[in-house]
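Before any comments, here is the structure.
Derivation of every value follows stated rules applied to the coordinates shown; laboratory data play no part. Keep in mind it's a predicted model, so treat the numbers as computed, not measured. Neighbour counts run over all protein chains shown; Cβ positions are idealised from the backbone, glycine included.
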Amino acid sequence: MKIGTGWDIHRLVPGRRLLIGGVEVPAEKGEDGHSDGDALIHALIDALFGALSLGDIGSHFPSDDAKWKDSDSMHLLASALKEIDGNRIVNIDSTVILQTPRLREYINAIRISIAEACSLPIDRVSVKAKTAEHLLGELGTGDAICAQVSVLIAEGPDVPQSDWL
């Protein structure tokens, strides 16, 4: 088994879409980023690369490379998933920290989006939403979004589920 963790934060600005786990959430502000800014997908990519000891998202998709400008984070995730070769994701656990809007009604759609992108059953994908309780600077004022992800990867494609525990 291999465990990876990922973390990402983006400033929120008017005039950009708010994308969380590949799902567009209606909001007055969206992520400011070199790509589409999907902090949850970026944290997931970092967790995958971490579990595989392959560096971080910036070493694979550098923000100073025009090639990645305005990239769809789901395409970046698809590229990262190719690195899993010979292994498989057991589960994904994530937390999104966002003051507003509230994400309760979008959680299931976000879980489905990630599960489909990673070819996982939905019961292997956890997405939790928290606020910053009006604390923590820009997170608390609603001017930033943060995401944290942990991923568990089993070595080998055919590890029986009974061997996981």
- Message: Using a 10 Å cut-off around each Cβ, can you sort Arg102, Arg16, Arg11, Arg111 from fewest to most neighbouring Cβ atoms?
- Response: Arg102, Arg11, Arg16, Arg111
- Under the rule of -39500 (n - 2.57) per DSSP H run of 4 or more residues, summed and divided by the residues of the chain, what mean residue ellipticity at 222 nm is obtained, to the nearest 500 deg cm²/dmol? -6500 deg cm²/dmol
- Query: Could you put Val96, Val151, Val90 in order, starting from the residue whose Cβ has the fewest other Cβ atoms within 10 Å?
  - Reply: Val90, Val96, Val151
- Item | Dipole magnitude of region 13-165, debye to nearest 20 (Cβ charges: Lys/Arg +1, Asp/Glu -1, about Cα centre) | 360
- Item | Global geometry of region 1-84, whether rounded, prolate or oblate, following the gyration tensor of its Cα atoms and the 1.5 cut on a/c | prolate
- When only C-alpha pairs under 8 Å and at least 6 residues apart count, what is the relative contact order of region 56-165, in percent? 34
- Task: Hand me the GluC sites (Glu not before Pro) from region 115-147 located in a DSSP loop with no more than 11 other Cβ atoms within 10 Å, in residue order please.
- Result: Glu133
- In nm, give the distance between the simple-model label positions of Thr100 and Leu136, each being 7 Å from the Cα along the Cα-to-Cβ direction. 1.8
- Message: Once you keep just the Cα pairs under 8 angstrom separated by 6 or more residues, what percentage relative contact order results for region 1-118?
- Response: 27
- Taking Lys67 as the anchor, which lysines have their alpha carbon closer than 26 Å to its alpha carbon, excluding any fewer than eight residues away along the same chain? Lys29, Lys82
- Message: How far apart, in nanometres, would the label points at Glu28 and Asp93 be if each is projected 7 angstrom from Cα along the Cα-to-Cβ direction?
- Response: 3.5
- Query: What is the extension gain from Ile122 to Asp72, computed as 0.36 nm multiplied by their sequence separation minus the C-alpha to C-alpha distance, in nm to one decimal?
  - Reply: 15.8 nm
- Message: Run the Debye formula on the Cα coordinates of region 19-165, all scatterers equal and no solvent, and tell me log10 I(q)/I(0) at q = 0.13 1/Å.
- Response: -0.59
- Which of these, Ile92, Ile45, Ile84, has the largest mean-square fluctuation under a Gaussian network model of the chain (Cα springs below 10 Å)? Ile84
- Would you order Leu54, Leu103, Leu81 from fewest to most other beta-carbon atoms within 10 Å of each residue's own beta-carbon? Leu54, Leu81, Leu103
- Query: Which far-off residues, 5 or more places away or on another chain, put their amide H under 5 Å from the one on Ala132, with H placed in the peptide plane?
  - Reply: Leu98, Gln99
- Query: Dipole magnitude of region 38-108 about its Cα centre, charges +1 at Lys/Arg Cβ and -1 at Asp/Glu Cβ only, in debye to the nearest 20?
  - Reply: 200
